[in-house]
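The values are calculated or read from the model by the stated rules, or taken from the named source; none is laboratory data. Keep in mind that what you see is a predicted model, and the values were worked out from it rather than measured. Backbone-built Cβ (ideal geometry, glycine too); neighbour counts: all protein chains shown. Just so you know, the surface numbers come from the protein's heavy atoms only, side chains and all, with ligands and any DNA or RNA stripped out. Shrake-Rupley method; radii C 1.70, N 1.55, O 1.52, S 1.80 Å.
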Amino acid sequence: MGELPLDINIQEPRWDQSTFLGRARHFFTVTDPRNLLLSGAQLEASRNIVQNYRAGVVTPGITEDQLWRAKYVYDSAFHPDTGEKVVLIGRMSAQVPMNMTITGCMLTFYRQTPTVVFWQWVNQSFNAIVNYSNRSGDTPITVRQLGTAYVSATTGAVATALGLKSLTKHLPPLVGRFVPFAAVAAANCINIPLMRQRELQVGIPVADEAGQRLGYSVTAAKQGIFQVVISRICMAIPAMAVPLSVSPQRRPWLGAPLQVGLVGFCSIHVSKLEPELRAQIHEQNPSVEVVYYNKGL
């Protein structure tokens with residue numbers, strides 16, 4: 001076998017992202033919980049393989065399958081914009097086991113006020129870590145901003161849960177089971193924009209089809225954050241809003257296809273960008289009509 005060629009585009013997913021099956025295979029690979037079991041040495045080895053290949057250096061003896069495996073291990077553990085290693089429970093590979101556990105507990109322990117408060121706090125603590133770990137762009141967020149987002153989301157979730165619990169205590173039990181979902185939906189509307197507020201202030205990177213960064217856009221940040229909020233709420237519907245027909249213990253995987261279905265909307269027409277950025281792009285790249293961005297997860 002000869003040395004692996006350097007024309008394999010590992011900047012893009014391995015499978016065709018214009019098809020649902022291709023997007024599903026991509027995200028099922030990135031969110032594979034087995035990646036949580038990989039050691040630090042294995043993660044670093046994958047990072048070295050990917051970074052070396054991107055720099056034009058092929059790891060001796062590596063096959064194409066091994067290169068793609070390294071790419072997906074790298075994607076599952078390192079932030080795509082900053083390159084920093086994401087804390088274990090903030091990785092997308094932790095979504096299934098963590099959400100399955102937390103959602104199951106919120107649906108089980110929704111009757112007593114102390115347990116409602118505790119599990120909403122656990123859920124928002126987890127969400128804060130995920131939202132920060134998977135934010136778009138490389139703009140730093142201060143400790144104060146992190147604290148504000150965390151406290152606001154947790155307070156909003158708990159207040160919503162307790163308020164609805166009080167309103168529904170005289171209604172049929174089935175109605176009460178929708179309280180955790182309403183609290184989660186409300187908290188997502190608070191947590192995600194606050195955790196990613198720096199993106200709304202300075203924008204996120206936009207790039208052309210070749211991955212060449214063209215500038216920063218607040219418009220793209222707003223669109224991306226809105227998409228994430230909607231997708232997070234939709235992901236909670238199967239496990240929380242339809243508890244009698246879809247159990248989180250039985251079908252935790254249903255959230256993934258919903259996220260996959262929304263992931264294609266990470267492009268924006270240049271005409272919809274800010275006037276300054278639009279003029280800059282037209283001056284430098286007059287043929288570019290659509291730009292792309294990482295909306296975060």
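Placing dummy labels 7 Å off each Cα toward the beta-carbon, the span from residue 144 to residue 15 is 4.6 nm.
Residues whose amide H falls under 5 Å from that of residue 78, counting only those 5 or more places apart or on a different chain, are 86, with hydrogens built in the peptide plane. The amide H of residue 290, built 1.01 Å from its N in the peptide plane, has 270 as neighbours under 5 Å, considering only residues 5 or more places off or on other chains. Look at the Cα gyration tensor of the range 1-73: its axes a ≥ b ≥ c give a/c of at least 1.5 with a/b at or below b/c, and that counts as oblate.
Taking 0.36 nm per residue of separation and subtracting the Cα-Cα distance, full extension of the segment from residue 55 to residue 226 would add 58.1 nm. Applying the Karplus relation 6.51 cos²θ - 1.76 cosθ + 1.60 with θ = phi - 60° to the range 148-161 yields 3J(HN,Hα) values of 4, 5, 5, 5, 5, 5, 5, 4, x, 5, 5, 4, 5, 4 Hz, where x marks Gly and Pro.
Full extension of the chain between residue 45 and residue 62 gives 4.9 nm of extra length, using 0.36 nm per residue less the Cα-Cα distance. Label-to-label distance for residue 155 and residue 69 is 5.0 nm, based on points extended 7 Å past Cα in the beta-carbon direction. Counting only protein heavy atoms and a 1.4 Å probe, the range 25-173 has 49 square angstrom of accessible area per residue.
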